[in-house]
Amino acid sequence: MHPIVKPDGRIDDGKIWKRETLYKGMNGSCVERIYVTPSDTMIFKPLTNNDQIGKEAWVYEQILSALPPINPKMLARSQPHNFSVNWILFEDLGHLTHTFEEDTAIALLSYIAEWHALPVTHLHHAPLQGPKPSAEAIRVELLLQDRLPCKSTFQRPSISAPVRSALLALLRQESFAADELVLSHGDLHLGNYAAVNGQVKVLDWEHAHLNSRYWDLYHVIDLSHPIFPKEMTTNIRERLLNRYLELSGQNGHLMNAPMFRRRYYLFSCLFSLWMLKLIANDIHANNGIWPFDQLKKQLQETTANLMQCAECLFV
């Protein structure tokens, strides 16, 4: 508990100087910067995704203590067993810049390799859930759609039929179901990490779960986001993958580099195909959740990333 938070989970305006909305969650709740005084601030985060109640505090208490201090400190939280009220107060890292920089991504990879190396046997039955379907579920979905008599929902105007057919042929032969499971942040897009005084900080751990090591890498390298655009190139992607391989080896996990890169390219193509469907649906709906022009840029970015990875697969 905390003096500025009422028993019902709302901020007591009589005990603060002012509040500033940072963003709105999927359930409509707002994450805010709270000014207790003009110089004393903290971040108030109520439950922003109803499926993740209590998860972020659990991750902080049960997992993140095994890592370097790469996350904002949790200052206070709601009572653990009161499921009707759910909030966390975090330290305020200041005004963050979420612009893609290769050096920042390289620094982030050192932490990713470290949490990918953590033992996870004790987490197989933990209350953890990712925000998206698994790679295997998406692979099955895309292949089933391809068998439908009318495949209009699967057509990607920006992806040529030969490329799509070649990717589907590979996906019929290869699965990600047997991939080793590692601790994954779960939602490591550009808006969830930033450089703060020369150190990378990682935010929003409520989606942490067990997944393939490609999951975090795809989010850092090739996942597009309508609010946080980034331009990826084949050369940058190669440098990031090579650095991850090097760091994983230093953490005791040596991998076959050519095979790892090839599997990453296929994983990236798989998720980008799925993302193109979601983005196209958002563009068609145009319901105001995401700015229309930014959705179109996201579509272009996802297409470019997919084509780069496909080219690496088929050369």
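Yes or no, residue by residue, for (1) at pLDDT below 95; (2) of a type in the set (A, V, I, L, M, F, W, C); (3) assigned by TED's automatic domain parsing to the domain that holds Gln129:
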| residue | (1), (2), (3) |
| --- | --- |
| Leu148 | yes, yes, yes |
| Ala169 | no, yes, yes |
| Leu190 | no, yes, yes |
| Val202 | no, yes, yes |
| Leu210 | no, yes, yes |
| Trp215 | no, yes, yes |
| Arg239 | no, no, yes |
| Ser248 | no, no, yes |
- request: Output the residues belonging to region 5-34 that are touching a residue at least 60 places away in the same chain (Cβ under 8 Å) and either surrounded by 12 or more Cβ atoms within 10 Å (Cβ to Cβ) or assigned by TED's automatic domain parsing to the domain that holds Ala57 (or both).
  value: Val5, Gly9
message: Going through Pro133, Pro162 one at a time, which residue ends up being surrounded by fewer than 16 Cβ atoms within 10 Å (Cβ to Cβ), assigned to a loop (DSSP other than H, G, I, E, B) and not hydrophobic (A, V, I, L, M, F, W, C)?
response: Pro133
field: Residue list for region 48-104, filter: free of Cβ contacts under 8 Å to residues at least 60 places away in the same chain, charged (D, E, K, R) and in a loop (DSSP other than H, G, I, E, B)
entry: Lys73, Asp92
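Conditions (1) touching a Pro at 6+ places or on another chain (Cβ under 6 Å); (2) polar (S, T, N, Q); (3) over 17 Å from Arg164 (Cα atoms); (4) at pLDDT 95 or above, marked per residue:
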{"position": "Leu266", "(1), (2), (3), (4)": "no, no, no, yes"}
{"position": "Leu270", "(1), (2), (3), (4)": "no, no, no, yes"}
{"position": "Ala280", "(1), (2), (3), (4)": "no, no, no, no"}
{"position": "Trp290", "(1), (2), (3), (4)": "yes, no, yes, no"}
{"position": "Asn305", "(1), (2), (3), (4)": "no, yes, no, yes"}
{"position": "Glu311", "(1), (2), (3), (4)": "no, no, no, yes"}
{"position": "Val315", "(1), (2), (3), (4)": "no, no, no, no"}
Criterion (out of contact with any Cys (no Cβ under 6 Å at 6 or more places or on another chain), part of a helix (DSSP H, G or I) and in contact (Cβ under 8 Å) with a residue 12 or more places away in the chain) met by exactly one of Leu223, Leu241, Leu306: Leu241
- prompt: Is there a residue in region 218-235 that is more than 17 Å from Gln298 (Cα to Cα), outside the structural domain of Met26 (by TED's automatic domain parsing), surrounded by fewer than 21 Cβ atoms within 10 Å (Cβ to Cβ) and not aromatic (Phe, Trp, Tyr)?
  reply: yes
query: Pick from Phe314, Phe267, Phe271: which is surrounded by fewer than 15 Cβ atoms within 10 Å (Cβ to Cβ), among the aromatic types (Phe, Trp, Tyr) and at negative phi?
result: Phe314
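The values are calculated or read from the model by the stated rules, or taken from the named source; none is laboratory data. Note that the structure is a prediction, hence the values are computed from the model and not measured. All Cβ positions, even for glycine, are placed from backbone atoms using ideal geometry, and neighbour counts span all protein chains on display.
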